[in-house]
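Chemist: Got a structure for you, questions after.
The values are calculated or read from the model by the stated rules, or taken from the named source; none is laboratory data. Since the structure is predicted, the reported quantities are computational estimates derived from the model, not experimental observations. Virtual Cβ from ideal backbone geometry, glycine too; neighbours counted across all protein chains shown.
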Amino acid sequence: MEYGLIGGALGHSFSKVIHEQLADYTYELKPLNESEFHEYMEAKKFKGINVTIPYKEKVLPYLHDIDERAKRIGAVNTIVNRHGKLYGYNTDYDGFIYTLRQHKIDASNKKVIVLGSGGASKAIIAVLQDEHAKEIVVVNRTIREGVISYEDCFANHKDGDLIVNTTPVGMYPHVDASPIDLAAFEKCEAIVDIIYNPLQTKLLAQAESLEIANANGLEMLIGQAKCAVEYFSGTSLEDTVIGKIYEDMIRVG
Ligand code: ATR
């Protein structure tokens, strides 16, 4: 394949539909197991690929050059093959910034609670740092360095101004699950859930009923794809294409 997405299970992916509206190529979905993944990266028979779970960090050793931002995040979701050399970028960062701007969510000087500490969380934390958040609290199911537990969050951080969910909790088919109860967070003024299937998770439905500004993950997904297409093609696209594709996708459902 020349262009496409590699990852573990890709059955849910909307990336083919999105890329084929943004660019003039066929975009393939290529699920790979671990050994296939290593063979694929060694063969380098592609022009441009996106990378998703669980390979965003595992691709790093195969790259000749990693963009500064992607290096800082520690994860790459976009790879361009230029004359046999692989260049890595992180466009989740751009997708998240787009979402904040689009919803006029200002993270500067805010206390932000980030649920989850995987690849997407790292890109989002980099954005929040660059937007001058006052404090970033990372909450995770598994305790490791730099994260706190959900219990600790409920006990000590109910004063969060913004909340970002980067976990898959609430994603199809487990739509009745929610990572936290927003009712406890009385200061919360905005919430972003990076899940896009369903568009309105249980968490966002609760935000809506509490009249808290909220954004789903579809704009971040389209925004990161738009930026990947720019790296693949070496040309830039207007941000307005993101909104057009978003409107089309929510109309079709
Ligand atoms: P992504 O690239 O989308 O960030 P990831 O790197 O697999 O995906 O990270 C998923 C995150 O969601 C992790 O923080 C994970 O928590 P663990 O470190 O404990 O695995 C979190 N996560 C996944 N399933 C979860 C669940 N059922 N409840 C709470 N957190 C969950």
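Per-residue answers, yes or no, for (1) buried (at least 18 other Cβ atoms within 10 Å of the Cβ); (2) modelled with pLDDT of 95 or more; (3) within 30 Å of residue 154 (Cα to Cα):
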| position | (1), (2), (3) |
| --- | --- |
| 1 | no, no, no |
| 9 | no, no, no |
| 40 | yes, yes, no |
| 76 | yes, yes, no |
| 85 | no, yes, no |
| 89 | yes, yes, no |
| 97 | yes, yes, yes |
| 106 | no, yes, yes |
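Chemist: Can you report the number of residues in the stretch 43-60 which are in contact with a strand residue (DSSP E or B) (Cβ under 9 Å, 6 or more places away or on another chain) and in a loop (DSSP other than H, G, I, E, B)?
Modeler: Matching residues across the stretch 43-60 total 11.
Chemist: Going by what's in this entry, would residue 157 be described as free of Cβ contacts under 8 Å to residues at least 12 places away in the same chain and surrounded by fewer than 21 Cβ atoms within 10 Å (Cβ to Cβ)?
Modeler: no
Chemist: When you scan the stretch 178-188, do you find a residue that is within 14 Å of the ligand (Cβ to nearest atom), small (Gly, Ala, Ser), at positive phi and surrounded by 14 or more Cβ atoms within 10 Å (Cβ to Cβ), even just one?
Modeler: Checked against the condition, which is being within 14 Å of the ligand (Cβ to nearest atom), small (Gly, Ala, Ser), at positive phi and surrounded by 14 or more Cβ atoms within 10 Å (Cβ to Cβ), the stretch 178-188 yields no hits at all.
Chemist: Taking helices (runs of 4 or more DSSP H) that fall entirely within the stretch 170-253, which contain at least 3 residues that are among the small types (Gly, Ala, Ser) and over 27 Å from residue 22 (Cβ atoms)?
Modeler: On the way: elements: 202-209, 218-233, 240-252.
Ranges flagged: 202-209.
Chemist: Please tell me if residue 127 is out of contact with any His (no Cβ under 7 Å at 6 or more places or on another chain), free of Cβ contacts under 8 Å to residues at least 40 places away in the same chain and within 16 Å of the ligand (Cβ to nearest atom).
Modeler: yes
Chemist: If you don't mind, another one. Would you check if residue 127 is crowded, with 21+ Cβ neighbours inside 10 Å, of a type in the set (Val, Ile, Thr) and either under 19 Å from the mean Cα position of the chain (by Cα) or within 15 Å of residue 188 (Cβ to Cβ) (or both)? If you could, list the steps in order and put the result at the bottom.
Modeler: Numbers: crowded, with 21+ Cβ neighbours inside 10 Å: yes; of a type in the set (Val, Ile, Thr): yes; either under 19 Å from the mean Cα position of the chain (by Cα) or within 15 Å of residue 188 (Cβ to Cβ) (or both): yes.
Taking the combined requirement at face value, the residue satisfies it.
Chemist: Still on this structure, I have one more. I'd like the full set of residues that are of a type in the set (Lys, Arg), more than 8 Å from the ligand (Cβ to nearest atom) and more than 25 Å from residue 247 (Cβ to Cβ), limited to the stretch 99-124.
Modeler: Those that are of a type in the set (Lys, Arg), more than 8 Å from the ligand (Cβ to nearest atom) and more than 25 Å from residue 247 (Cβ to Cβ): 110, 111.
Chemist: Also: Is at least one residue of the stretch 103-110 in contact with a helix residue (DSSP H, G or I) (Cβ under 7 Å, 6 or more places away or on another chain) and not charged (D, E, K, R)?
Modeler: So far as the stretch 103-110 goes, yes, one or more of its residues are in contact with a helix residue (DSSP H, G or I) (Cβ under 7 Å, 6 or more places away or on another chain) and not charged (D, E, K, R).
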